[in-house]
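Here's the structure, in structure tokens; my notes come after.
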Amino acid sequence: MMNAIVGKMDKLIIHFVGNKNNGDGVRFSDELTDYGNTEEYVKILIGNSFKSEELFQFYFSPDLELNPIYQFIKSVFQDKEAFIGQSQNVARYLYDKSTHPQIKPGELCIAYFKDCQLNDKTVDCIGIFKSENKETVLKIDTIKNGYGLSGVKGININKLDKGCLIFNTDKENGYTVSVVDNTNKGYEAQYWKDDFLGVRPVNNGYHQTNQFLGITKQFVTKQIADDFEVSKADQIDILNRSVNYFKTHEKFDKSDFENEVFQDESVIDSFRNFNNSYREENKVELSDNFEISSQAVKKQARVFKSVLKLDKNFHIYIHGNRNLIEQGVDENGRKYYKIYYQEES
């Protein structure tokens, strides 16, 4: 679990990075940005944006040292006088990666924070933030005989488009990195993490929980119906049991999970085959035993569908006890579900 508080902002510089494919160009600053009394607002933006428990680290195949952003950041942590030059290298590298037509131009802010708190450690931190979408606010000006009103475009301090915080710890494994990317479409959503930063999730309890629940959902919604005759109600019941296992256990044990959730040996064998194939195809490394992250369970539970949709007339929400639902077909060929209950509310 990440518990981070950024410290005092020591340096800030802003560059403009356009879309290379569109020929927007890049504009470098040669001196630090005077941030005046805005440090408080920058910290509000960070606090509002970096809420995910998932942590990342820089990587590069075959050698971490070949990751450009890792090298630029390492140089600054080793010598703060290199901040301006290395920030320009970061902006130049982002420009080289901004070739997809949907990538928007914007300002790239790079900040250095001193004395940050990360899980009870005091470390320095470098923040990289890209602002792509501006919002208009109404500015009221005092004039001689009253007030004037004008529209001013700026950054919304409640939402960051793209950003990362790089904490000066665990350097040998690629530092500890928290990432924000509020773009959720296609290549535009990939280039920030994959092509520019070159980061991958830290293989901790959060990542393990998130991944295993994701694999389970894929198996139940896409594979199990191909191998067995199961109804939608049965699939929802298995999904509910999956989430319930993670909610009621502190530690994950793969054998216990399979027996408690899938119960039938043939279904367990099918799941094991699917799980092994999924890990191999997607290059996922998971342990059979790990500490369960309640934050990851909460995140995944939102996308585990417990709704049974019947034509366009009915939606049945199933939260547990599959034995209280019966499925059948009447003498006229009409399909039905029979639901048993004790109280109506």
| Members of segment 196-234 that are more than 30 Å from C164 (Cα to Cα) and either hydroxyl-bearing (S, T, Y) or open to solvent by less than 20 Å² (accessible area, probe 1.4 Å) (or both) | F219, V220, T221, I224, S231, A233
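Which of the residues spanning segment 6-52 are closer than 18 Å to C116 by Cβ and either open to solvent by less than 30 Å² (accessible area, probe 1.4 Å) or of a type in the set (K, R) (or both)?
Taking segment 6-52 as the starting set, the residues that turn out to be closer than 18 Å to C116 by Cβ are 6-12, 35, 39-52.
Within segment 6-52, V6, G7, K8, M9, K11, L12, K43, L45, I46, S49, F50, K51 meet the criteria.
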| request: Give the number of residues within segment 52-107 that are in contact (Cβ under 8 Å) with a residue 24 or more places away in the chain and polar (S, T, N, Q). | output: 8
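Quick check on segment 220-232. Is at least one of its residues modelled with pLDDT of 90 or more, hydroxyl-bearing (S, T, Y) and under 30 Å from Q327 (Cβ atoms)? Outline the logic, then answer.
Start the filter on segment 220-232 by keeping residues that are modelled with pLDDT of 90 or more, which leaves none.
No, segment 220-232 contains no residue that is modelled with pLDDT of 90 or more, hydroxyl-bearing (S, T, Y) and under 30 Å from Q327 (Cβ atoms).
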| message | Quick check on segment 53-74: of everything there that is of a type in the set (S, T, Y) and open to solvent by 50 Å² or more (accessible area, probe 1.4 Å), which residue is nearest to L94 (Cα to Cα)? | response | Y59
| said: Is it the case, given these coordinates, that Y341 is loosely packed, with under 11 Cβ neighbours inside 10 Å and either modelled with pLDDT under 90 or not hydroxyl-bearing (S, T, Y) (or both)? | reply: yes
| request: Go through the residues of segment 243-252 one by one and say whether even a single one is acidic (D, E), surrounded by fewer than 19 Cβ atoms within 10 Å (Cβ to Cβ), modelled with pLDDT of 90 or more and in a loop (DSSP other than H, G, I, E, B). | output: yes
| message | Report every pair of residues separated by at least 6 positions or lying on different chains whose Cβ atoms are under 7 Å apart, first residue within segment 108-135 and over 26 Å from V17 (Cβ atoms), second crowded, with 20+ Cβ neighbours inside 10 Å and among the hydrophobic types (A, V, I, L, M, F, W, C). | response | L118/F167; V123/C116; V123/F167
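The values are calculated or read from the model by the stated rules, or taken from the named source; none is laboratory data. Quantities reported herein were computed from a predicted structural model and do not represent experimental measurements. Cβ sites come from the backbone with ideal geometry, for glycine too, and all protein chains shown count toward neighbours. Areas reflect the complete protein model, heavy atoms only, side chains present, ligands, DNA and RNA absent. Shrake-Rupley method; radii C 1.70, N 1.55, O 1.52, S 1.80 Å.
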